[in-house]
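Take a look at the structure set out below.
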Amino acid sequence: MDQEIGGLLERTFNEGKTYEVIVTTMRDGGQGAPNAAAIGVVRRGQFFTMKVFKGSDTFENVLAVKRLAINVITGDHVDMLAMAALRGWGSTEAEFGAEEYERMREFPVLKSAAIQIDCSVEEWAEKDGKDDYGHFHNATFNAIPQAYRVKDETGRPIERGTKIVLEALVFATRWKVSEGELKKFLYQRLKVYMQKTLDLGGEANLKALGLINDFLAKG
């Protein structure tokens, strides 16, 4: 690996910590429109590990071309993570407009990302199972950085557990796929985090909160 890329990873991502980023991919075997999703990534030395669920656009896109881009979004733009996490559920709605993307090595990345990292994908492994939210089929894999672009020298990714609104996003997506008493419980927990976000304030937090309300209204 390029020493400059290795240095960037060590400066930006603490080993073993989970960070919430936006992963961009391309539909239709790399020939279609861009797709974006909020995904947790963990740096393991000189690469990232992550997990995606079957049925998601990201799962299908990465499986097809074994390539993705990691877009580092700062706390000032946390509403973008909400857009990537909540838009497009069960519809063809795009997470972001075409004007919000640019290209790096002919691959889509977000213009507003502080850091863009083009990655190849290796060690793809699928698993079936069941958890508290029901049956799942997911894939874990390694994302190997191949190139990068730094647009904001001070930009740092958001570590999971450090933003209340991100906790609300997690509960919102789990609520969406749950049923019965579990769904009711998750909704109650979600409302707690939404209220905490409202109390905290801040333009990006409130924009994210509005997106969560829209998501809930769709059922």
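General remarks:
- Counting only residues at least eight positions apart within a chain, or on another chain, the lysines with an alpha carbon under 25 Å from that of LYS218 are LYS54, LYS163, LYS176, LYS183, LYS184, LYS191, LYS196, LYS207.
- Dimensionless Rg/Rh of region 3-159 - Kirkwood Rh, Rg from C-alpha atoms: 0.94
- Against the chain, whose longest principal axis is taken from its Cα atoms, helix 180-200 shows a tilt of about 70°.
- Selection from LEU9, THR24, TYR187 lying farthest towards where the dipole of the chain points positive, charges on Cβ: TYR187
- Between helix 164-177 and the chain: long-axis angle, C-alpha atoms, 0 to 90°, nearest 10: 70 degrees
- Ordered by the number of other Cβ atoms lying within 10 Å of each residue's own Cβ, fewest first, GLU60, GLU15 fall into the sequence GLU15, GLU60.
- Summing +1 for each Lys or Arg and -1 for each Asp or Glu among the other residues whose beta-carbon sits under 10 angstrom from that of LYS17 gives 0.
- Spacing of the modelled spin labels on GLU60 and GLU100, each 7 Å from Cα toward Cβ, amounts to 2.1 nm.
- For region 204-216, Karplus couplings with θ = phi - 60° (6.51, -1.76, 1.60), whole Hz, Gly/Pro x: 5, 4, 6, 5, 4, 5, x, 5, 5, 4, 4, 4, 5
- Comparing LEU166, VAL177, LEU206 along the charge dipole axis of region 164-217, the residue lying farthest to the positive side is VAL177, per the Cβ-charge model.
- Karplus-derived HN-Hα couplings along region 35-52 (A = 6.51, B = -1.76, C = 1.60, θ = phi - 60°), whole Hz, x at Gly and Pro: 10, 9, 8, 7, 9, x, 10, 10, 7, 10, x, 9, 8, 10, 10, 7, 9, 9
- Sequence-distant contacts, meaning Cα pairs under 8 Å at least 6 residues apart, place the relative contact order of the chain at 22 percent.
- Highest-first arrangement of 16-22, 176-182, where packing means the average Cβ count within 10 Å: 16-22, 176-182
- Prolate/oblate/rounded call for region 81-219, Cα gyration tensor, a/c under 1.5 rounded: oblate
- Region 20-88: relative contact order in percent, alpha carbon pairs under 8 Å with at least 6 residues between: 39 percent
- Between the Cα long axis of helix 3-12 and the first principal axis of the chain there is an angle of about 20°, rounded to the nearest 10.
- Helix-only CD estimate at 222 nm, as mean residue ellipticity for the chain, using -39500 (n - 2.57) per DSSP H run (n ≥ 4): -11500 deg cm²/dmol
The numbers here are math on the coordinates, done by the rules we state, and not lab data. None of these values were measured; they are calculated from a predicted model. Backbone-built Cβ (ideal geometry, glycine too); neighbour counts: all protein chains shown.
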